[in-house]
Every structure is written in structure tokens, then in C-alpha cells.
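A quick write-up on the structure given underneath.
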Amino acid sequence: MHALILNIYYYPPDVAATSRIIRDLADFMAEKHDVTVLAGRPSYNPEEYHPYYLFRRRWQGKVNVERVGSTAFHRRRMGGRATNFLLYLAFAFLRALFMRPKPDAIIAMTDPPVVNILAAVVSAMRRVPYVYNIRDLHPDGAIAAGMMKSGLVTKVWDRLHRWAMLRADLVIVLGEDMKQRVLDKGVDPGRVEIVRDGATPFETATEPDHPVIREIRGDFDFVVVYGGNLGSTGHWDALLYAARCLEPEGVGFVFIGDGVLRQSLEQQAQGLGNVRFLPFYPEENLSQVLGAADLHAVTLKPGLEGLSVPSKLYPILMAGRPVLAITPLASDAAHIVRKYKCGVVADPDKPDQLVASMRRVLSCPQALEEMASQARDVSHLFDRNREFGRFLKLIEQVGGRR
């Protein structure tokens with residue numbers, strides 16, 4: 001089978017969350033099938049920059065990575081980012097339309113957020129089935145996160161998005177809450193499947209003298225870490241409120257990563273001696289980053305449940321670390337943490353309850369150890385290879401229909 005994956009970002013060199021998951025998924029699929037990833041020129045905080053070209057093909061392992069000549073403006077410039085997206089869509093459409101050999105299945109991700117519309121058109125023109133793997137549900141997510149206002153543009157976008165989603169042979173979502181959102185849009189339940197991102201098992205590093213662990217923990221007695229994108233989907237006010245309240249008690253809050261709101265968050269945290277910001281660490285230091293924290297934060301704004309699913313939950317569980325889920329109570333992350341008793345769930349709109357919950361954890365180290373033990377015990381349920389195996393089986397079923 002020849003599978004074509006559409007996503008503007010691919011790792012390396014783009015460091016976007018979707019670029020890494022697609023790399024791992026493509027590598028997994030390429031063990032059995034021919035896989036082509038159609039990406040754009042690197043623009044998401046890339047580890048290397050490419051000179052301009054109209055088209056480039058390179059093999060990364062067993063995966064054929066084709067890149068079209070989109071622009072590579074920095075993603076923090078919204079106008080430039082939109083230009084990157086539009087040019088990628090134009091060039092990718094032409095490449096997908098005339099690609100040889102003809103793919104047996106097209107898999108559309110959600111970078112850019114309208115790439116599923118392109119996939120639906122190519123699918124109809126080439127009579128090839130297509131699968132829509134929703135990473136973030138737009139335009140609903142963009143509106144709920146405050147990135148866009150509801151209006152004519154979002155209404156047209158929503159209508160086109162719904163049309164493309166209803167044409168998909170299969171819709172793969174990341175959680176129960178997202179599945180319900182998709183069903184509410186009229187998609188046949190028989191064509192919606194949940195496949196979570198999961199994580200790869202690894203040994204957690206906890207050596208206190210390791211340079212990465214020392215840098216993260218500093219002199220704090222207890223450390224809460226948030227690692228990932230500092231963007232519009234997180235409820236940062238609740239975390240910073242907790243930091244202010246718990247500063248006298250020796251609790252440190254460490255933000256590791258980057259994003260459009262990092263500069264704003266740094267300004268808001270001025271004067272707080274227990275809040276620190278660090279850049280992303282290389283992938284090979286993931287074990288130390290996860291092992292350095294006493295508690296790992298996962299956060300999601302109210303109203304975004306089912307529109308975005310934090311995938312960082314799964315490596316935290318693999319590391320055997322307790323989770324601080326500052327998410328709506330109806331979110332998939334909150335459901336997992338409550339069901340398996342592997343952390344603390346806090347309503348983002350009730351920061352005083354968040355602080356009270358953290359103080360209970362601080363006063364009971366045994367409870368924290370039990371949460372960590374539960375995280376280790378249930379982590380096998382979210383093994384990435386297991387989830388990828390389910391994904392591949394579904395793709396094979398769709399591709400076999402041709």
C-alpha cells in the first residue's frame with residue numbers, strides 16, 4: 001500500500017508537536033508499506049533552515065519526505081504564518097493531484113488547519129479514500145482559544161470543514177471528548193475511531209547530579225514542571241496564581257518550551273522568585289526533563305475540551321510521574337487522571353481549589369508516591385506502538401477498499 005500523509009511540518013527539522021508524532025507514525029507505517037509525507041519548507045522553530053526551492057525529495061529512513069516550496073516566515077508573525085499555509089496548500093494540491101504512483105490512501109493531519117479540505121478535493125478528483133486525523137478541531141478551537149472571532153470567515157471555514165469531514169472515509173480522533181464533538185457535527189459514528197498518541201516506554205532518569213536535572217530543579221524543595229507549547233490553549237493564569245500563593249512554601253514552577261505567549265507570561269511572572277523559564281531540551285534529554293519534576297502540569301482552557309487534547313499526558317505517565325491536570329473536568333485528560341488516580345485534577349476557573357489541592361499533596365508525600373505508582377502501572381495502556389498498530393490497521397482497511 002502507498003500512503004500519502006499531508007502536513008506542513010515534519011521532524012526533523014521542524015519541532016512542532018505534530019511533526020514529531022508524524023515522524024514516528026510514518027516510520028512505523030513504513031516498516032510494512034510505502035509512505036510519502038508531503039511537507040513544506042521548515043518554519044516551526046526549525047533546527048535547520050532550507051534555501052528556497054520549488055520542490056525537494058529526501059529519504060528519511062524508509063520514509064519518502066517531499067517538501068514543496070512554501071515560504072518559511074517565523075510562526076509568531078501571523079501574516080507570515082498565513083502565507084506559509086496558503087503557499088503550502090497551493091503547491092501541495094498540485095503535487096498530490098499528479099503524484100505517481102497513485103496513493104492508496106490519503107491521510108490529512110491538521111497543520112495547516114484546512115489541509116483536510118485539500119485532502120477531500122484530491123480524494124474526490126483521484127478517487128482515492130482519505131482519512132482525517134484530527135489533532136485540533138478548527139475553527140471551533142481557534143475561536144475558543146481567542147485566536148479568532150466568530151464571523152463570516154469562520155462560518156465559511158466551518159462549512160467547508162464540515163463538508164470535508166463528512167466526505168472522509170474515516171475520522172481518527174485523540175480522545176472521547178473529541179469524538180463527541182465530531183459526532184455532534186453529524187459524522188456517522190461508524191466512521192469515527194479513537195487512537196491516542198501514546199508514548200514510547202523509557203527509563204526515567206532521576207540522578208540529582210545530572211546537569212539537566214540540576215538546572216530544572218535549582219534550589220526548589222518541590223518542583224512543578226510544564227513542558228511544551230506556551231500557546232493560546234493553556235490556562236496560564238491558574239498556574240501563575242498557584243505560583244504566587246505557594247512561593248513562601250518553597251514550590252518552584254518551571255516552564256520549559258516556547259510559544260506565542262512566552263514573552264507575555266515572562267512579563268506576568270516578573271517579581272516571582274519561584275517561576276523560571278527554560279528553552280526546549282534536545283529530545284535525548286526527555287528522560288531527565290520528565291524525571292526532574294515532582295509534579296507535571298497539563299493545562300487546557302475551559303471550552304477547549306474535545307477541541308484540543310494534550311498529548312504530553314502520555315510521556316508523563318510513562319515516566320511514572322504524577323499529573324497536575326488543570327483542565328475542564330469533562331476533558332479526556334481529566335477523565336484519565338481521575339479514573340486511574342494518577343494525579344490531581346483542578347478546575348481552571350477555581351484557582352483557590354487548585355492551590356488547596358496542591359497543598360494537600362505537599363502535606364502527604366505518600367499520596368504523591370501512590371499517584372506516581374499508579375502512573376507507572378497504567379502507562380502500558382497508552383503504549384505508542386500499540387496505538388500506532390491500531391492506526392495502521394484502520395488505514396489498511398481504508399486503503400484496501402480501493
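For region 32-43, the criterion of a residue being in contact (Cβ under 8 Å) with a residue 40 or more places away in the chain, surrounded by fewer than 16 Cβ atoms within 10 Å (Cβ to Cβ) and part of a loop (DSSP other than H, G, I, E, B) is satisfied by at least one position.
Matching residues to (1) outside the structural domain of residue 178 (by TED's automatic domain parsing); (2) over 30 Å from residue 241 (Cβ atoms); (3) modelled with pLDDT of 95 or more; (4) in contact with a helix residue (DSSP H, G or I) (Cβ under 6 Å, 6 or more places away or on another chain):
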{"position": "310", "(1), (2), (3), (4)": "yes, no, no, yes"}
{"position": "314", "(1), (2), (3), (4)": "yes, no, yes, yes"}
{"position": "322", "(1), (2), (3), (4)": "yes, no, yes, yes"}
{"position": "339", "(1), (2), (3), (4)": "yes, no, yes, no"}
{"position": "345", "(1), (2), (3), (4)": "yes, no, yes, yes"}
{"position": "365", "(1), (2), (3), (4)": "yes, no, no, no"}
{"position": "373", "(1), (2), (3), (4)": "yes, no, yes, no"}
{"position": "390", "(1), (2), (3), (4)": "no, yes, yes, no"}
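Of the numbered criteria (1) in a loop (DSSP other than H, G, I, E, B); (2) touching a residue at least 24 places away in the same chain (Cβ under 8 Å); (3) aliphatic (A, V, I, L, M), the one residue 187 fails is (2). Being surrounded by 20 or more Cβ atoms within 10 Å (Cβ to Cβ) and in a helix (DSSP H, G or I) is the filter here; which residues of region 166-181 pass it? Correct list: 177, 178, 179. Candidates are the residues of region 208-257 that are of a type in the set (Ser, Thr, Tyr) and at pLDDT 95 or above; the one that is surrounded by the fewest Cβ atoms within 10 Å (Cβ to Cβ) is 241. Every condition in (1) β-branched (Val, Ile, Thr); (2) in the same structural domain as residue 389 (by TED's automatic domain parsing); (3) crowded, with 18+ Cβ neighbours inside 10 Å; (4) under 30 Å from residue 319 (Cβ atoms) is met by residue 194 except one, and the failing one is (3). Yes or no: region 73-94 includes at least one residue that is surrounded by 23 or more Cβ atoms within 10 Å (Cβ to Cβ) and either within 22 Å of residue 384 (Cβ to Cβ) or touching a His at 6+ places or on another chain (Cβ under 7 Å) (or both). Checked region 73-94: no residue is surrounded by 23 or more Cβ atoms within 10 Å (Cβ to Cβ) and either within 22 Å of residue 384 (Cβ to Cβ) or touching a His at 6+ places or on another chain (Cβ under 7 Å) (or both).
Could we say that residue 84 is in a strand (DSSP E or B) and more than 17 Å from residue 172 (Cα to Cα) here? No, not satisfied. Being part of a helix (DSSP H, G or I) and in contact with a Phe, Trp or Tyr (Cβ under 7 Å, 6 or more places away or on another chain): is that true of residue 287 here? In short, yes. Could you look through region 101-122, keep only residues that are small (Gly, Ala, Ser) and surrounded by 24 or more Cβ atoms within 10 Å (Cβ to Cβ), and pick out the one that is farthest from residue 38 (Cα to Cα)? Ranking the candidates gives 105 first. Would you point out the residue of region 60-84, among those that are among the hydrophobic types (A, V, I, L, M, F, W, C) and at pLDDT 95 or above, that is farthest from residue 14 (Cα to Cα)? So the residue we want is 63.
Considering only region 298-308, state which residues are assigned to a loop (DSSP other than H, G, I, E, B) and either more than 20 Å from residue 242 (Cα to Cα) or over 17 Å from the mean Cα position of the chain (by Cα) (or both). Passing the criteria: 302, 303, 304, 306, 307. Taking region 126-157 as the range and being farther than 20 Å from residue 233 by Cα and of a type in the set (A, V, I, L, M) as the test, the residues that pass are 128, 131, 152, 153, 156. Residue-level analysis places residue 224 outside the set of residues that are assigned to a loop (DSSP other than H, G, I, E, B) and closer than 26 Å to residue 331 by Cα.
You will find that of 372, 334, 356, 367, the residue that is over 25 Å from residue 171 (Cα atoms) and within 24 Å of the chain's Cα centre (by Cα) is 372 and no other.
The values are calculated or read from the model by the stated rules, or taken from the named source; none is laboratory data. None of the values given here were measured: they were computed from a predicted structure. Neighbour counts run over all protein chains shown; Cβ positions are idealised from the backbone, glycine included.
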